[in-house]
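Shown next, in structure tokens, is the structure this report addresses.
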Amino acid sequence: MLTKPQPGSHRWPALALSVTAWLTLATACCAQDDLATLEQQAVRAAVARVAPSVVRIETVGGLERVERVLVGAGVSTGLVVAADGYVISSAFNFIQKPSAILVTLPGGKRAPAQIVARDHSRMLVLLKVAVDAPLAVPEAVPRDQMAVGQWTIALGRAFDQDAPNVSVGILSATSRIWGRAIQTDAKISPDNYGGPLIDIRGRVLGVLVPLSPQQQDEVAGAEWYDSGIGFAVPLADLLPHLDQLKRGEELYPGLLGVAFKGSDIYADRPEIAACLPKSPARQAGLEAGDLIVEVEGVAIVRQSQLRHALGPRYAGDQIRLAILRDGGRLELSAQLADKLEPYENPFLGLLPDRSPTAAPGVAVRYVYPDSPADKAGVSVGDRLIRLADKTVTDLASAWEVLGNYEPQQVIRAAVQRGAQTRQLELKLTSLPDMIPDKLPPAQRAALGQGDTPGQAAAAAAGERPPVGDIRLKLPEEPNECWAYVPETYRADIAYGVVLWLDEPGAVERREWIAPWKGLCDANDLILVVPRAADPNRWLPAETAVVRKLLDDVLARYHIDRARIVAGGYGAGGALAALTAFSHRSLVRGLVIVDTALPGRLQAPANDPIERLSVLASIAEKSEAAERLTDQAAGLRQMKYPVIIRPRMGEPRPLDEAERAELVRWIDTLDRL
């Protein structure tokens, strides 16, 4: 019961405010309830619209295991793309190479299906199903109608044939995996790979697939399932190529065949350092030094933009390029290829002196016996100043010139000896597979003969980073990591880096550091030893952790980018291989001990600038010996420089002599 307020009292206005607030809140709650109901109805309607086009796929027989990945037979999802029985699905669902494929159509009938063709760029498979009546074909969302933040609904038929499994999220990005995919935070996993990602109107945005920006295989990115990072290949991108797939034509990524200057694709310009021989780039007339400024009318400023422009394109596509050369603009046309002839790095036959100096060119530290340089009379102490009529300022510029040549070609060189300059012609050869037994010091400064006296004192006067046995920790990662930096660290000297990945499990950190300490001190090396987050196994995703640790070291210390090595023993060696091939812009050497390369690893083409050499040690009684031998032969066919060192007896970590040879090998990675 309400009473009349006393004079001066404000109870009625306050009460009026309270009632108003209550009514507003009640209205808002009702509106929210109505909105939630409407959202549910919209989702159900969208699912119902596309459900007749979502089919259940069963695979029978085939492999049960692909390396360490259990695959076997199972249930997956497909999306109808043509009324006469064509169904698209994720290649992940067929990695086991099944002996039979059965598709359950929307009416409940099971029908056999055959693989017609594969899309090796977007990791899709086209199936043909025997049908008696036309199938329902969904509507595709045009690319220009996809907007970040819009509703997305992921569908699969892995659980219940009568009703699709549903996961709701938003569209996170429209150009991921170098322009080949869109991204959603809806739950994406093997339960719905091959199914559609749809919008709130029931139109298909894309086909759900596991993808990774680093790897290009059927299981790349599968480790991210249910993480909020999911990808779908836009159906609108696929439909123009559907007739090719129907004809049984395989689709492959389009390759141009160029290497660029610099190592930061997000900052560096797309200036060509080398064009591979017989590549589309070379055939189109591109040359080293050209700057690509436009692709199909779209302006290009950074290398990452070029990768986005080329990433969605297939082999056979014709592209228009605009370049700058000698201050002028040229327009060229190139037809992308599905593969490139393996490129083999050429060899002059010398090692550079690493003494800190401002003098241009590359000082000669060591000349390989019977090499082109040796036969031409090049001596220790000479300075290489020109190659192929181009000025050599440092090691990187010499590598760029050589990257446009192959073994057996003749190259002109200018070598300075004192006040005299000699003009030479050298016939290039292949990189040697020998490791010198002994090498002179890498820096004359180490003998007290440095070109820049006083640099060490000046460097010592500045702020010195941590040295000795130190702990590295990434706040966002659970992995422990220890490192060793020589106590004699000098900021004017560039140090190599050894990322060493051992078997998972708890090991006393002194056991990691002690065997390497003397070698690091004597050879200007920094040792980085990450540990697996799980003491029982390394995960493929931890390659990203290793990369972050390397970036941390690069930020703190003066690093020689020609001597960054990833290596490891057993399972650690397998992860080192994934790291090396995934981060070619940084890693120059791969060392694997008593293990084989991961079966899921697809080595990219050998690069003329981003060189990668491989050293493998394998025990004769290792289960991986035969497989590694076959893999090494495959890498050699791709023209990677590979050395295999057989070991007696059972698998075991490297001993003292083997570590010493490994360090000598690292000391030769900057060879010319």
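The values are calculated or read from the model by the stated rules, or taken from the named source; none is laboratory data. All values reported here derive from a predicted model rather than from experimental measurement. A quick note on method: Cβ atoms are made from the backbone with ideal geometry, for glycine too, and the neighbour counts reach across all protein chains shown. To get the accessible areas, we keep the full protein, side chains included, count just its heavy atoms, and leave off ligands, DNA and RNA. Shrake-Rupley method; radii C 1.70, N 1.55, O 1.52, S 1.80 Å.
In the set R537, R611, R588, R584, only one residue is of a type in the set (K, R), open to solvent by less than 30 Å² (accessible area, probe 1.4 Å) and under 27 Å from P651 (Cβ atoms); that residue is R588. Within the range 504-522, restricting attention to residues that are touching a strand residue (DSSP E or B) at 6+ places or on another chain (Cβ under 7 Å) and open to solvent by 50 Å² or more (accessible area, probe 1.4 Å), the residue that is modelled with the lowest pLDDT is R509.
For the range 315-327, a tally of residues being closer than 30 Å to M123 by Cβ and in a loop (DSSP other than H, G, I, E, B) returns 3. Inspection of the range 549-564 identifies at least one residue that is out of contact with any Lys or Arg (no Cβ under 8 Å at 6 or more places or on another chain), modelled with pLDDT of 90 or more and under 23 Å from P641 (Cβ atoms). Checking the range 592-600 against the condition returns no match, with no residue being open to solvent by 20 Å² or more (accessible area, probe 1.4 Å), under 24 Å from A522 (Cβ atoms) and basic (K, R). Restricting the search to the range 84-110, which residues are open to solvent by less than 40 Å² (accessible area, probe 1.4 Å), assigned to a strand (DSSP E or B) and either without any contact (Cβ under 8 Å) to a residue 24 or more places away in the chain or not small (G, A, S) (or both)? Result: Y86, V87, I88, I101, V103, T104. Here A133 meets each of (1) under 16 Å from L208 (Cα atoms); (2) of a type in the set (G, A, S); (3) not in a strand (DSSP E or B) with one exception, condition (1).
Taking the criterion of being farther than 21 Å from P277 by Cα, touching a Lys or Arg at 6+ places or on another chain (Cβ under 9 Å) and buried (at least 21 other Cβ atoms within 10 Å of the Cβ), the only residue of the range 384-406 that qualifies is V392.
Specify which of the listed residues (V380, V410) is free of Cβ contacts under 8 Å to residues at least 40 places away in the same chain and either within 26 Å of I644 (Cβ to Cβ) or open to solvent by 20 Å² or more (accessible area, probe 1.4 Å) (or both). Walk me through how you get there before you give the answer.
Working: V380 fails: free of Cβ contacts under 8 Å to residues at least 40 places away in the same chain.
Answer to the check: V410.
Test A571 against the stated conditions and say whether it is in contact (Cβ under 8 Å) with a residue 12 or more places away in the chain and either in contact with a helix residue (DSSP H, G or I) (Cβ under 8 Å, 6 or more places away or on another chain) or crowded, with 24+ Cβ neighbours inside 10 Å (or both). No: the conditions fail for A571. Among the conditions (1) open to solvent by 30 Å² or more (accessible area, probe 1.4 Å); (2) over 18 Å from D560 (Cα atoms); (3) modelled with pLDDT of 85 or more; (4) in a loop (DSSP other than H, G, I, E, B), the only one that L474 does not satisfy is (1). Among residues of the range 143-157 that are polar (S, T, N, Q), those with a Cβ under 6 angstrom from a residue that is part of a loop (DSSP other than H, G, I, E, B), sequence gap 6+ or separate chain, pair up as T152/A186.
Here is a list: R471, R531, R490. Which entry is of a type in the set (D, E, K, R) and within 22 Å of the chain's Cα centre (by Cα)? Can you show your working first?
Values: R471 fails: within 22 Å of the chain's Cα centre (by Cα); R490 fails: within 22 Å of the chain's Cα centre (by Cα).
Selected residue: R531, the only one of R471, R531, R490 that is of a type in the set (D, E, K, R) and within 22 Å of the chain's Cα centre (by Cα).
Going by the conditions given, is E271 touching a Lys or Arg at 6+ places or on another chain (Cβ under 9 Å), surrounded by fewer than 16 Cβ atoms within 10 Å (Cβ to Cβ) and of a type outside the set (V, I, T)? Give the derivation first.
Working: touching a Lys or Arg at 6+ places or on another chain (Cβ under 9 Å): yes; surrounded by fewer than 16 Cβ atoms within 10 Å (Cβ to Cβ): no; of a type outside the set (V, I, T): yes.
So E271 fails the test.
Taken over the range 328-349, the criterion of being in a strand (DSSP E or B), aliphatic (A, V, I, L, M) and open to solvent by less than 10 Å² (accessible area, probe 1.4 Å) is satisfied by A334 alone.
Within the range 443-454, is there a residue that is modelled with pLDDT of 90 or more, more than 30 Å from E542 (Cα to Cα) and not in a strand (DSSP E or B)? No: zero hits.
Filter the range 189-206 for residues that are under 13 Å from L171 (Cα atoms) and buried (at least 24 other Cβ atoms within 10 Å of the Cβ) and give the result. L197, I198, V204, L205, G206 - these are the residues of the range 189-206 that are under 13 Å from L171 (Cα atoms) and buried (at least 24 other Cβ atoms within 10 Å of the Cβ). Evaluating W665 against the criteria (1) farther than 24 Å from G349 by Cβ; (2) of a type outside the set (D, E); (3) in a helix (DSSP H, G or I) leaves one unmet condition, (1). Residues that are touching a Gly at 6+ places or on another chain (Cβ under 9 Å) and under 17 Å from R636 (Cα atoms) are absent from the range 555-575 altogether. Of the numbered criteria (1) touching a Lys or Arg at 6+ places or on another chain (Cβ under 7 Å); (2) of a type in the set (A, V, I, L, M); (3) assigned to a loop (DSSP other than H, G, I, E, B), the one A163 fails is (1).
Candidates in the range 125-139 are the residues that are under 13 Å from L242 (Cα atoms) and in contact with a helix residue (DSSP H, G or I) (Cβ under 6 Å, 6 or more places away or on another chain); of these, the one that is surrounded by the most Cβ atoms within 10 Å (Cβ to Cβ) is L126.
If the condition is being under 16 Å from D552 (Cα atoms) and either open to solvent by 40 Å² or more (accessible area, probe 1.4 Å) or of a type in the set (G, A, S) (or both), then the range 479-490 contributes E480, A483. Considering D374, D370, the condition of being farther than 30 Å from G285 by Cα, acidic (D, E) and surrounded by 13 or more Cβ atoms within 10 Å (Cβ to Cβ) is satisfied by D374 alone. When you check D144 against the structure, is it at pLDDT 90 or above, open to solvent by 30 Å² or more (accessible area, probe 1.4 Å) and closer than 30 Å to D84 by Cα, yes or no? Yes; evaluated as a whole, the condition is true for this residue. Quick one: in the range 147-160, of everything that is within 20 Å of G194 (Cβ to Cβ), in a loop (DSSP other than H, G, I, E, B) and open to solvent by less than 50 Å² (accessible area, probe 1.4 Å), which residue is modelled with the highest pLDDT? Applying the filter and picking the extreme gives R157.
Tell me, please, whether a residue that is of a type outside the set (D, E), surrounded by fewer than 20 Cβ atoms within 10 Å (Cβ to Cβ) and at pLDDT 90 or above can be found in the range 219-231.
At the first step, the residues of the range 219-231 found to be of a type outside the set (D, E) are 219-222, 224-225, 227-231.
Retained after the next criterion (residues that are surrounded by fewer than 20 Cβ atoms within 10 Å (Cβ to Cβ)): 224-225, 227-229.
Of the ones still in play, those that are also at pLDDT 90 or above are none.
No; the residues of the range 219-231 include none that is of a type outside the set (D, E), surrounded by fewer than 20 Cβ atoms within 10 Å (Cβ to Cβ) and at pLDDT 90 or above.
Here G179 passes the criteria (1) out of contact with any His (no Cβ under 6 Å at 6 or more places or on another chain); (2) open to solvent by less than 20 Å² (accessible area, probe 1.4 Å); (3) more than 18 Å from E139 (Cα to Cα) except the one numbered (1).
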